[in-house]
1. Would you please name the residue that is modelled with the highest pLDDT, looking only at residues in the stretch 4-31 that are closer than 18 Å to Glu72 by Cα and exposed (fewer than 10 other Cβ atoms within 10 Å of the Cβ)?
2. From the list Asn47, Asn69, pick out the single residue that is modelled with pLDDT of 80 or more, exposed (fewer than 10 other Cβ atoms within 10 Å of the Cβ), within 23 Å of the chain's Cα centre (by Cα) and part of a helix (DSSP H, G or I).
3. If Gln83 satisfies all but one of (1) of a type in the set (S, T, N, Q); (2) surrounded by fewer than 13 Cβ atoms within 10 Å (Cβ to Cβ); (3) modelled with pLDDT under 70, what's the number of the condition it fails?
4. Checking Ser54 against (1) surrounded by 10 or more Cβ atoms within 10 Å (Cβ to Cβ); (2) polar (S, T, N, Q); (3) modelled with pLDDT of 85 or more, which single condition isn't satisfied?
Amino acid sequence: MKNITSFGLLILVASMALGGMTSNVSAQDDTTGLLKIAKRAQEQIHNQISADSSDKVKRLFEEGTQEVNALEIALRSDNTVLQRNIFFPL
């Protein structure tokens, strides 16, 4: 019985030690990559919107298109204040 308890505690400690190890994750700092992702998503959504789609869906798509265009302009002009306002609106 003592061996089983010791073995169980060893497994518990080992799983806690291994579970505590985490890998470092960092966000991509390249904003042009984000623009590419946004443009691809925009194309996919455009392909899925049909004439039967509601006006609300079409309006939201147009708003999103304007945001993507604003992001592209901000990246071209290297305007970090505008980029920050697009990514983190107040």
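1. Ranking the qualifying residues of the stretch 4-31, first place goes to Asp30.
2. Only one candidate qualifies: Asn47.
3. (2)
4. The number of the failed condition is (1).
The values are calculated or read from the model by the stated rules, or taken from the named source; none is laboratory data. Just so we're clear, the structure is a prediction, and the values are computed from it rather than from any experiment. Here Cβ is always computed from backbone atoms with ideal geometry, including for glycine, and neighbour counts include all displayed protein chains.
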